[in-house]
Amino acid sequence: MMPLLEIAKLKTVLNTGSASIHAVDGLELKIFKGETFALLGESGCGKSMTALSIMRLLPEIAEIIEGHIKLDGNDLLLLPETDMRKVRGKRISMIFQEPMLSLNPVMTIASQIKEVLKQHFILHHTHLHKRILELLQQVGIPDAPRRMAEFPFQFSGGMKQRVMIAMALAGEPELLIADEPTTALDVTIQAQVLDLMRDLQQRTHMAILLITHDLGVVAEIAHRIAVMYAGEIIETATCKDFFQQPAHPYSQKLFAALPERAKRNQGLAVINGNVPLLSQVFQGCRFAERCDHAWELCRQTVPEWIEITPGHRVKCHLFSKENRSEYQVNRAQKQTTSSVEAYQPTPHQDSALLNVTNLKIHFPIYQGLFKHTVGYVKAVDGISLTITPGKTLALVGESGCGKTTVGKGICLLIPVTEGSVQFNGSELTGLTRHQLRKKRADFQIIFQDPYSSLNPRMRIIDILEEGMNALLPDDPHRIKPEQPLSSYQKENRIDELLQRVGLPPEAKWRYPHEFSGGQRQRIAIARALAVNPKLLICDEPTSALDVSVQAQILNLLRTLQQNLGLAYLFITHNISVVEYLADEVAVMYLGRIVEKGYVDEILNTPKHPYTQALLSSVPAIEATSNRPNRTHLKGELPSPANPPSGCYFHPRCPYVMPICRNIYPQKSTFSPTHSAHCYLYSQNQNSA
Amino acid sequence: MPFDPVILWTDALVYLLVATVLAIGWHMQRHTHLLMPWRRVTHSASGMAALTVLFFFILIGLLDTIHFRPALDKVSDNSGEKVYSVEVLSLFDIIVTPLRIRVEKTYSAPLSAHLYTKETVELPDGSQAREFTRLTFGGAHLEDPEVQRISDITERSIRGAAWGLLTWSLIVISLGMLLAKRGKINFLPMQSKIWSGATETPWHVIMITLGLILILLGIVVTLSTHYHVLGTDKVGQDVLYQSLKSIRTGLVIGTLTTLIMLPFALLLGIAAGYFRGWVDDIIQYTYTTLSSIPSVLLIAAAVLMMQVYIETHPEMFETILARADLRLLFLCIILGITSWTGLCRLLRGETLKLREMEYIQAAHAFAISHWRIISRHILPNVMHIVLIAIVMDFSSLVLAEAVLSYVGVGVDPSMISFGTMINAARLEMAREPMVWWTLLAAFGFMFVLVLSINLFADAVQNAFNPRIKTLSERASRSSHRSGKMLPSNLPPSRPASAAPPPEAKNNKVHS
């Protein structure tokens, strides 16, 4: 069978300064008609450069120095630019990661789609209009005749991605390149978009090249998979083979690094070191430096393609005939030893460290000349939480539900409208800035984006010292507690902190931009630890990181909890992280907690329809298991400025009843620790 | 004492500025990490070339700032005390005395031996004729200018260039020896290293710039002893002298105005963005109001008021220069007070963005005081905007001075500045044949000054922005400082696994 797209020996280099970076280095792949081909890899491995090379939309500093990209047998690299324009959008189209940035904000949706149609077809005005309508309906935009005249800002994130898909489909392409199409979206929206893509493919029989770093997404829709590492493909397989038996040590590590429930009481596997610099000349296998199985041969000779089973090929010396049997034995041993390093669960304590009751944070909406208040955005609307020392409470919800606001509210970084926050029995709300100062050392916050959470103009030593200087934590090594730490003691303490988070002490002389994302997040953790807090509020600390780096950070957090007895409030939207790390879970929807309980209770027997939907939206890694009742949510999160009446969830709820539309449900208790707010269950009469 | 030192207001402020710069320099000398970005400035070729040019401008400006009144010879008052001249001179005036005192009758073209206009002269036979008369000083040594002038000028230029080259080679050799001694290598390898551009600081660029300047300087110096290199103006004053004197006025207006404007813009802009609320409202309304008044009108009104005050209190000023100087200072203050709004608005916007950054939130979580957050987190992160604004303002302020002088509210007419020069030249542009050299001289000097400041500021900005770094710098840094600094792209020596170091595991923290 003739492949639709065939890439052979593609080499793309980026000419930056003195050293040129080999972003794509000898890439080969084939995509057949009607299949979804997933290109999987961590950030910086050259996935997007591959996509841009196919489209010939490379940035100016990049150039393709070798190779063929054949679409139906015609080499795209030989086409003149005018002919290439007829290919883009017509035969190959592309959707990008960030739907917010890929639509022109000053053009209506219809006129943006019209541009594509006019470029590739000669259509009469009325036909044009009809075709746009058809496309928008095809991607499931409700009320398309009215919405097509609207501007991008009137659409939500998921809807924008649908519009992007409609635009990509306008030319009836044979190949759709989707570059991280769901990374910027919430799980429930991601599930909708993936459903849509699968559905469209079945109808139009186009091929999809899916570029992603998310194993879950791959498992959901891909037919064949290629794993990319440091500019080249190291393994190709069908989806089934790959998920049943990943061959390359890197692929195996990727699976092992995924947090999940089964690994709860053990450390996650980590890949040592970083992705190698692509400006260097490689000798031998590119993964050898980080590979556990590497031996001399790996460092000297580049491995050839080896076919394990039909369709499953790998570039690794372990699978060459002479090594194969030996490796299988090794692997069996490895698997038994890998779970030895188990952690002891901490003894249970009952006294609450943090007690939040009926916390409300409302932001006023101002209008008019004199800025009178016309309403409130109820970001957090009466939530109650309890965290015990040394335990982890996970706060789960979609973006925009007020999770981060809760974290900042507990830290009193934003004013609390109502309710109480008690830390160790003393009330924190209502204190002045000065009174609060003495308590600040006990609770610290770690932010999501490691790139904006460190001041770029301060050295690491200054960053770490700042909190120590401001809060003067009690240090066991200090002789006189009244005196500030001497600079020598401070430096010792900083070295200790850096070692604790796994960085060398020399790192303190450097500036933040010299570190990678994962290292920066370690520094942010060290900064928080500098004042010996008892509670860490972690605001999505791993969502900006790659899977292998995420595993490192999660391991670090777990170890710190073991050693220092820290309690965590872990704010996240990633269910697998919750499964791995949390003791208790609270599910949040539009400023309120809809269900909370122990992690097993929530994950095994979710009661609230929202929790159920959230859990079923998470892409399953096991490609074979077809879960029976997938309740994918319709619609999106309503605005907290104008929440629906009654139960906030009722517009999206599959089990909606008349009473849901009128009154917010009371608590339903299932066990002393497990409760939810839903009319499907009997209501507690006495509890408020 | 043969002279009586005079410290004018602007002098005092310039001294203060120099002292501050020296103090900061001394402080940075002791803190290597503060010095690092400035070291990177010295690695920029264009920046160092610009700095070499700037050095000469600043030198002239500083020499022109040291003012005094020379004692008058053979005159003493009744009590036997020395009497000092009413004319205040600067050190620079003394150095260029020939340029200052050799005044012709009126216009003469550059390097000319004749006046630019015909004059009626009485011939020895008693008849009158109109002809271009010879200049009193310019080319006065020539017997027959028509024949000798060109060859004389060429000969002097070559001599001057030779002097320049000689001085230059002396500097090159002494610097080469110094660097060789410091780098602990021999003289010749050091030279080859310098000229192949292998040194960290681009010495070859500095040397070439310096060479060009010194050759030019040599030519000008040798020529100016017998010619007016840039011609003379309406009252016969040497244009070269005027251009050199204008440098101080330009530098003073550029620096002092910025200095006066900066506290307003920084304090109010950051406060508005950081505190929000009513503070923001008040500051915003203030600058909106201030910037909606036409600034020329505001400046004119203020300058005229001040002018009236000065004229009604002549007893306050001992000399004309003191009066002109006070007027210059007030011009700086008025320009400063009216021009802070633009930078203030920029800083407010940037601070609004910064205050939401997570590292500011983290600082709040550490209960760090507002003042420390502003000074340690916000100020360093808006400095690049301040730096760019200062440079942009510098050139526009020099130009504004010219415009204001044209309206008649600029510097005192007795003070030499680019503005007054351009203003005077403007009147002669319509004349036939055209008097072009005054304008060209002012333009040329202003252009070189502003261009070199712009280039230098570019280099500073690149060096201070930690994100802009070229690969070559990175490579050179990792090879030079492998001891203390880790190579930036490689992972730290400890494998980045999350397993805690064994010592941390045993040594549980007592919390």
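Every number in this text was worked out from the coordinates using simple rules, so none of it is lab data. Keep in mind that what you see is a predicted model, and the values were worked out from it rather than measured. Neighbour counts run over all protein chains shown; Cβ positions are idealised from the backbone, glycine included.
In peptide A:520-532, how many Cβ atoms from other protein chains are near each Cβ within 10 Å, on average?
Other-chain Cβ atoms within 10 Å of each residue's Cβ, averaged: 2.
Scanning chain A for trypsin sites (Lys or Arg not before Pro) in DSSP loops with at most 15 other Cβ atoms within 10 Å, what's the longest stretch left with none?
Looking at chain A, A:34-370 is the longest stretch - no exposed trypsin sites (Lys or Arg not before Pro) with at most 15 other Cβ atoms within 10 Å.
Please list the helices of chain B that count as membrane-span-like by this rule: a mean Kyte-Doolittle hydropathy of at least 0.0 together with Cα atoms stretching 18 Å or more along the helix axis, each helix being a complete DSSP H run.
Numbers: long enough: B:9-30 (32 Å, 0.91); B:45-63 (27 Å, 2.40); B:145-183 (56 Å, 0.40); B:203-224 (30 Å, 2.40); B:239-275 (53 Å, 1.39); B:277-292 (23 Å, -0.07); B:295-312 (26 Å, 1.80); B:320-354 (50 Å, 1.07); B:379-407 (39 Å, 1.75); B:437-464 (40 Å, 1.58).
Long hydrophobic helices here: B:9-30, B:45-63, B:145-183, B:203-224, B:239-275, B:295-312, B:320-354, B:379-407, B:437-464.
Would you tell me the mean number of C-beta atoms belonging to other protein chains that fall within 10 Å of each C-beta in A:265-274, as a whole number?
Average per residue, whole number: 3.
Taking only DSSP H segments of four or more residues, each worth -39500 (n - 2.57), what value at 222 nm results for the protein assembly as shown once the sum is divided by all its residues, to the nearest 500 deg cm²/dmol?
Value at 222 nm, helices only: -14500 deg cm²/dmol.
Quick one: of A:9/A:30; A:47/A:86; B:82/B:245, which pairs are farther than 19 Å apart, Cα to Cα?
Details: A:9/A:30 12 Å; A:47/A:86 24 Å; B:82/B:245 29 Å.
Over 19 Å Cα-Cα: A:47/A:86; B:82/B:245.
Which length gain, in nm to one decimal place, applies between residue A:386 and residue A:492 when the Cα-Cα distance is subtracted from 0.36 nm times their residue separation? Provide the component values of the computation, followed by the final result.
Numbers: separation 106, 0.36 × 106 = 38.16 nm, distance 3.54 nm.
Net length gain for the segment: 34.6 nm.
According to the square roots a ≥ b ≥ c of the eigenvalues of the Cα gyration tensor, what is the shape class of the stretch B:185-287, taking rounded for a/c under 1.5, prolate for a/b larger than b/c otherwise, and oblate for the remainder? Intermediate values should be presented prior to the final figure.
Values: a/c = 6.28, a/b = 1.46, b/c = 4.32.
Oblate is the answer for the stretch B:185-287, as a/c is 1.5 or above yet b/c matches or exceeds a/b.
Mind giving me the nanometre distance, one decimal, between the label points for residue A:297 and residue B:143, set 7 Å out from Cα along Cα→Cβ?
So the two model labels end up 10.0 nm from each other.
Would you mind checking the pairs A:90/A:130; A:33/A:634; A:391/A:596; A:403/A:596; A:438/B:353 and listing those with alpha carbons more than 25 angstrom apart?
Too far apart for the 25 Å limit: A:33/A:634; A:438/B:353.
Would you kindly state how much longer the chain becomes between residue A:82 and residue A:63 on full extension, computed as 0.36 nm times their sequence separation minus their alpha carbon distance, in nm to one decimal?
Details: separation 19, 0.36 × 19 = 6.84 nm, distance 1.85 nm.
Residue separation times 0.36 nm, minus the Cα-Cα distance, leaves 5.0 nm.
What FRET efficiency would be calculated for the residue pair residue A:661, residue A:32, taking the C-beta separation as r and a Förster radius of 45 Å, to the nearest 0.05? Could the numbers behind the result be given before it?
On the way: r = 50 Å, r/R0 = 1.10.
Result of the calculation: an efficiency of 0.35.
Residue separation times 0.36 nm, minus the C-alpha to C-alpha distance between residue A:199 and residue A:309: what's the value?
Numbers: separation 110, 0.36 × 110 = 39.60 nm, distance 2.98 nm.
Here the segment from residue A:199 to residue A:309 would lengthen by 36.6 nm.
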